[in-house]
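Okay, structure first, notes after.
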Amino acid sequence: MSFSLDDLPIRDDLRRLTPYGAPQKKVPVALNVNENTHPIPEDVARDIVESVARAVLDVNRYPDREFTTLRDSLAAYLGHDLTRDNIWAANGSNEVIQQLLQAFGGPGRSVLGFPPTYSMHSIIATGTGSRWVEGRRDEGFRISPETAVSEIERTRPDIVFFCGPNNPTGTPLDLATIEAAYDATDGIVFVDEAYAEFMPADQPTALTLLAGRERLVVSRTMSKAFAFAGARVGYLAAHPAVADALRLVRLPYHLSSLTQAAAVAALSHASEMLAMVDDIKAQRDRIVHELTELGYEPWPTWSNFVLFGGVDDPTDVFERLLERGVIVRNLGIPNHLRVSAGTEAETTAFLEVLRDIRLSS
Ligand code: PMP
């Protein structure tokens with residue numbers, strides 16, 4: 001018998017768990033992890049390389065532990081009168097969430113989330129020894145203020161997790177729900193806004209609720225709209241005291257000087273980096289439209305992806321798309337698949353292959 005994980009003296013609460021596992025396959029059309037599939041503009045790439053090259057000359061020294069320039073750049077990008085004191089960053093918003101739970105969750109504390117939602121929320125809760133508690137959603141995956149309050153009163157969590165727009169459903173999150181949840185708890189209210197840039201431009205985000213709400217935390221990422229997933233930069237905005245709490249748990253120098261240099265250079269080209277967002281939104285809306293015509297049931301989405309129902313056998317359709325060079329996401333939601341909006345050409349490829357599959361079945 002070969003030695004395995006079960007034979008190690010691992011923590012009991014980690015036994016028999018499965019790790020995060022979105023397949024990473026090299027295929028021509030990868031629409032499975034909600035990346036921005038547009039390459040970054042060449043002049044921006046050159047600027048980033050020059051900025052990183054300058055940073056390399058000082059790489060014998062530890063980086064700025066406070067990543068001050070990066071926090072200034074992120075505050076300027078977000079607006080809403082935020083300053084560097086309101087900002088915290090880490091290697092992807094996953095790490096931001098982990099640090100948040102290290103500081104405010106942990107053994108003996110609970111996190112209320114509303115599935116179906118981003119799978120890493122519960123995985124990070126478990127990894128930090130926090131108890132993950134599941135709340136119910138209303139029809140159409142929405143969460144009304146009344147539902148949020150009744151689930152908080154039922155479960156009495158230490159932390160409430162929202163995701164708006166929600167992954168994997170694309171569902172908008174009403175600000176009234178966040179406000180009601182905040183008033184119903186003494187704990188941290190966390191809103192994951194990884195996809196905020198794909199919302200309708202005239203819609204307010206949870207950033208507008210931060211003033212006067214010291215326990216509200218809003219996270220963002222450069223991985224999606226900003227086309228920066230490989231660089232690993234996520235961040236949050238909150239009262240400065242929240243950043244002070246995270247200083248207690250972060251590892252010193254957690255953001256490398258190369259990451260900081262790359263992110264600051266990219267942020268100085270924010271409008272160019274975000275130029276593809278409108279295009280992606282247009283492809284998303286096209287997917288919703290064409291899937292409906294094919295007889296599928298796409299959910300309304302404010303994100304860069306579409307969850308669609310009406311799929312008789314998601315595993316079979318996933319495999320048949322993959323055979324033809326298109327990867328989407330099968331999240332185990334019965335009769336559903338999720339697809340990210342790609343470039344126009346990628347989106348066309350996905351829709352054409354799916355149409356063939358639909359017509360041949
Ligand atoms: N939040 C949500 C809702 C996500 O979908 C993702 C990535 N799929 C993340 C956070 C993590 O992003 P990153 O760690 O790349 O910032």
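For region 206-233, the set of residues classified as among the charged types (D, E, K, R), more than 7 Å from the ligand (Cβ to nearest atom) and either part of a strand (DSSP E or B) or more than 29 Å from THR185 (Cβ to Cβ) (or both) consists of ARG220 only. For region 133-178, the set of residues classified as within 21 Å of ASP202 (Cβ to Cβ) and among the polar types (S, T, N, Q) consists of ASN166, THR171, THR177, listed by residue number.
For the residues GLU151, GLU197, the requirement of being under 22 Å from PHE305 (Cβ atoms) and not aliphatic (A, V, I, L, M) singles out GLU197. Restricting THR208, THR155, THR147 to residues that are farther than 23 Å from ARG338 by Cβ, among the polar types (S, T, N, Q) and buried (at least 17 other Cβ atoms within 10 Å of the Cβ) narrows the list to THR147.
Taken over region 319-333, residues that are touching a residue at least 60 places away in the same chain (Cβ under 8 Å) and either of a type in the set (Lys, Arg) or touching a Gly at 6+ places or on another chain (Cβ under 9 Å) (or both) amount to 2. The residue that is surrounded by the most Cβ atoms within 10 Å (Cβ to Cβ), counting only those in region 49-85 that are basic (Lys, Arg) and over 21 Å from the mean Cα position of the chain (by Cα), is ARG84. Just one of the listed residues (VAL160, VAL96) is of a type in the set (Val, Ile, Thr), on the phi < 0 side of the Ramachandran plot, crowded, with 22+ Cβ neighbours inside 10 Å and assigned to a strand (DSSP E or B), namely VAL160.
Readers should treat all values here as calculations from the given coordinates under stated rules, not as data from a laboratory. None of the values given here were measured: they were computed from a predicted structure. Positions of Cβ are backbone-derived with ideal geometry, glycine not excepted, and every protein chain shown enters the neighbour counts.
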